[in-house]
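Nothing in this text is a laboratory measurement; each read-out follows from the coordinates by a stated rule. Given the structure is predicted, the values throughout are model-derived calculations rather than measurements. Glycine also receives a Cβ, built like all others from the backbone with ideal geometry; neighbour counts cover every protein chain displayed.
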Amino acid sequence: MNSVFSRSSAAVLGAALLATLPIASPAKPAASVLAVDWSLTPTQIAASCKTSVATLKRRIDTLVAARSSRTFTTVVLPLENASADFNDDLAAQAFLYNVSPDKAVRAASLKCSTDAGNVLSELTARPDLYRALSAAQASGTAQGAAQQKLIALWLTSLKRSGAGLPDAQRREFVALQQKLTDYQNKFGANLGNDESSIAITAAQAQPLPADFVAASLKKTADGGYTVPVNESTIGPFLQNETDPAARKAYYIAYNNRGGEANVKLLADALATRDRLAHLLGYQTWAAYVLADRMASTPQRVQSFLAQIDSAILPKARQERDEDVALAKADGKTTFDQWDQTYYENQLRKTKYTVDQNEIKQYFPVQHVIDSVLAIYQELLGVKFTRANVPVWQPQVQAYEVADAATGKPLGRFYLDLFPRPGKYNHFANFPLIPRRVLPDGSVRLAEGSVVGNWPQPAPGKAALLQHGDVEVFFHEFGHNMALMLANEPYETLTSGFRQDFIEAPSQMLENWAWDPAILKRVSSNVTTGQPLPDALIQKMIAARYVHYALQTTQQILYATVDMQYHTAKPPVDTTAVWAATVAQTTPNQYVPGTHPQSEFGHLMGGYDAGYYGYLWSKVYAQDMFSRFKAQGLTSPAAGMAYRNEILAPARLQEPDAEVRAFLGRPMNPNAFYQELGITPPAATTQR
């Protein structure tokens, strides 16, 4: 997942950037990263946030009050500059609520993030600013593709933020957007602060991996253990726990994280979004969101999802039946949803003789980090150097990025990979500061952070990863490189792609985690230092698509639930919709008493009416991968073409144009359907 809300998901375009002529001042360095203070106190966060908000408002007031002619230089550049400076000023203040070890700092940061999102909602809904931008566009003073794209994106953003509405409706729109920002931030904070756990006995702990017990579980006075229920424990626990009662307790706790508070926040958000959509003339929130996406309409998305689901459901049912058969052989008379992960793991261990506990001995954390970074360096022509700079927590690692051929600096990234109380509880890349050119011609380089929740190391031992963790790291680091290597002059153009393409580059890079030569490089037995044996690699690859159809129907479930939530008329019974959609789209069971939507952060964190994008972009990902399959996964030629044709232009070009330039032809969906193991339809809704 690429986190696209460094301040707030309500920030519409997010902080843009400035840039003018590329004439560097001799008093300024040609390129530099921003020195960010990660040690801010709650008082400092509150004060600096208040100042930055006031400064942004004042600068926009000055812009629209100016009597000069409305041109690209007098309107668009000052707006871009003010927005990007606002992002720079609050890089720490609006991010720390995701990662700070200090609860008071997180609370102050959350308020700042909310305030920042609110002021952006207010400013991007200003009709006087919209009129100024419209006049600047009409002046014809935007020179070249970058300037023309920049003004078009800003106008789209303001129009979609209510700037063109009559005054009363505009005020209502802004107030509702601010409510939505508050709901979204509270939802995320509830998940980050969730401390769900279950109690198990010593006997129930016995089948769990010893290093997992030592590192992640807490012993209790009665000889049992407390198991924290979060992203770092779900895999090891449900894969290995032999007691169905313990699995059930964990499953129910996991699918109720965030609790009733988050269920209500989601319902409130759905009602608010529906009203916002209607204010702008759309029938549903999904229609509003998709009008600015590649997919265009809810109907096209629903057809796309239904088409895949219909083709893959028979295979998914067969895969679930394999688990049911294993459970019956194990003496179970029922097969419950909390059994699925365990028996899928048993299937891998028996039919494919793949044991995740054996495999993870080859993936000590630091070796994985070092080797994955080395592969990215080779592939993309970059160089990473550990940086001795301030960080927000001692386990965080910082790296400088430079172009390998020229030594030219490109940015800095942070790796924050282990769980702790209050921290963002999933795995994502946060684009803190996108690249931009400053008014004096110098360059403000990109800064980002990969935030994850890998298992903590046991005392005196290296932390070990499952292979799935390695695959996720390839994915999220791909987002990080998209941030570092975007090479346009304006922050609005370097801050990502269209939302339903944004996952495609990183999904493509997941394939590296399955290549035999790459697996040799990223593995090193924690005891012997030897790479994965060839025989074990072949077993892993043979088991790659175990339950792939079943897992795909789960993704279709999430995307379909998302669409149904955002096309229904409020109030929406989100639990009932979830339960009905499980039965409609998957062979799985809904477990009464659970509320999976309460921990489904994507619905509130920027993927609302957009979760389909994971499958949509996978179509592009697998087709792009075809070039690397032909030329080699570490081919410098293919890597530099990918860097130059996909990453460097970022938002300057539309995704279809970038993919066409990279592949030398239009996108073809056949590779996606072949990966699913189904026959491509004669015609698809994707094209």
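The Cβ shell under 13 Å around Lys408 holds other residues with a net charge of 0, Lys and Arg each +1, Asp and Glu each -1.
Only bridges with both residues in segment 406-458 count here: give the DSSP antiparallel percent, nearest 5.
Details: 6 of 12 bridges.
The answer is about 50 percent antiparallel.
Can you pull the percent of Cα pairs in segment 53-191 with separation above 21 Å? The proportion of pairs with Cα distances above 21 Å equals 48 percent. Against the main long axis of the alpha-carbon atoms of the chain, helix 259-279 sits at an angle near 40°.
Summarising the overall dimensions of segment 517-646 from its C-alpha atoms, the Rg and Dmax are 20.2, 60 angstrom. Among Ile369, Ile646, a tally of other beta-carbon atoms within 10 Å of each Cβ gives an order, fewest to most, of Ile369, Ile646.
Peptides 483-495, 309-321, ordered by how many other C-beta atoms sit within 10 Å of their residues on average, highest first, read 483-495, 309-321.
Projecting the Cα atoms of Val174, Ser113, Ala35 onto the dipole axis of segment 9-192, where Lys and Arg carry +1 and Asp and Glu carry -1 at the beta carbon, places Val174 farthest toward the positive end. Spin-label pair Lys351-Ala291: with each label point 7 Å from Cα along the Cα-Cβ axis, the two points sit 4.7 nm from one another.
Close amide-amide hydrogen proximity is noted between Ile198 and Val227, Val229, each under 5 Å apart and 5 or more residues distant or on a separate chain (H modeled in the peptide plane; Pro and chain starts excluded). Helix 340-350 and the long axis of the chain differ in direction by around 60°, with both axes built from C-alpha atoms.
Beyond a 24 Å Cα-Cα separation, which of these cross-linked pairs lie in this structure: Lys360/Lys461; Lys218/Lys351; Lys408/Lys629; Lys360/Lys383? Where the Cα-Cα span goes over 24 Å, the pairs concerned are Lys218/Lys351; Lys408/Lys629; Lys360/Lys383. Pairwise Cα distances in segment 292-402 exceed 25 Å for 61 percent of all pairs. Using the alpha carbons alone, the radius of gyration of segment 271-350 stands to its Kirkwood radius in an Rg to Rh ratio of 1.28. Shape index of segment 364-512: Rg/Rh, with Rg the Cα radius of gyration and Rh the Kirkwood radius from the inverse mean 1/r over Cα pairs, equals 0.96.
Simple point charges give the picture: +1 on the Cβ of Lys and Arg, -1 on the Cβ of Asp and Glu, and for the chain a dipole about the Cα centre of about 1140 debye. Charge tally for Phe237 (other residues, Cβ to Cβ under 15 Å; Lys, Arg +1; Asp, Glu -1): -2. Counted by neighbouring Cβ atoms within 10 Å, the residues Thr124, Thr586, Thr334, Thr353 run from fewest to most as Thr334, Thr353, Thr586, Thr124.
For a paramagnetic label modelled on Asp61 (point 7 Å from Cα along Cα→Cβ), amide N atoms under 17 Å away are absent within segment 150-173. Per-residue Karplus couplings for segment 552-568, computed as 6.51 cos²θ - 1.76 cosθ + 1.60 with θ equal to phi - 60°, are listed in order as 5, 5, 5, 5, 5, 4, 4, 5, 6, 4, 4, 5, 5, 4, 9, 10, 7 Hz, Gly and Pro entered as x. Computed from backbone phi with θ = phi - 60° and the Karplus coefficients 6.51, -1.76 and 1.60, the 3J(HN,Hα) list for segment 159-171 is 4, 6, 9, x, 5, x, 7, x, 4, 5, 5, 5, 4 Hz; x is used for glycine and proline. Annotation: the antiparallel percentage among DSSP beta bridges lying fully within the chain is about 75. Both radii were evaluated on the Cα set of segment 165-227; the Rg over Rh quotient, with Rh as the Kirkwood radius, amounts to 1.47.
Taking amide H as placed 1.01 Å from N in the peptide plane, Val382 has its amide H under 5 Å from the amide H of Ala404, each at least 5 places away in sequence or on another chain.
Each residue of segment 135-147 was assigned a 3J(HN,Hα) from its phi angle through the Karplus expression (A = 6.51, B = -1.76, C = 1.60, θ = phi - 60°), giving 5, 5, 5, 5, 5, x, 8, 6, 9, x, 5, 5, 5 Hz with x at Gly and Pro. Net charge around Thr74, counting only other residues with Cβ within less than 15 Å of its Cβ (Lys, Arg = +1; Asp, Glu = -1)? Result for the local shell: +1. For segment 35-92, trypsin sites (Lys or Arg not before Pro) are listed when DSSP marks them as loop and at most 13 other Cβ atoms sit within 10 Å of their Cβ; the list is Arg67.
Counting only Cα atoms, the size of the chain along its three principal axes is 81, 60, 56 Å, in decreasing order.
Taking amide H as placed 1.01 Å from N in the peptide plane, Leu410 has its amide H under 5 Å from the amide H of Val401, Ala402, Asp403, each at least 5 places away in sequence or on another chain.
Per 0.36 nm of contour for each residue apart, how much would the distance between Asn193 and Gln143 grow if the chain were fully extended, relative to their Cα-Cα spacing?
13.2 nm
Listed by chain and number, the aspartates and glutamates placed with their C-alpha closer than 19 angstrom to that of Lys349 are Glu241, Asp243, Glu319, Asp321, Glu322, Asp323, Asp330, Asp339, Glu358, Asp469, Asp534; residues fewer than eight positions away on the same chain are left out. Taken about its Cα centre, segment 456-603 carries a charge dipole of about 420 debye when Lys and Arg each add +1 at the Cβ and Asp and Glu each add -1 at the Cβ. Across the chain, the mean sequence separation of Cα contacts (distance under 8 Å, 6 or more residues apart), normalised by length, yields a relative contact order of 19 percent.
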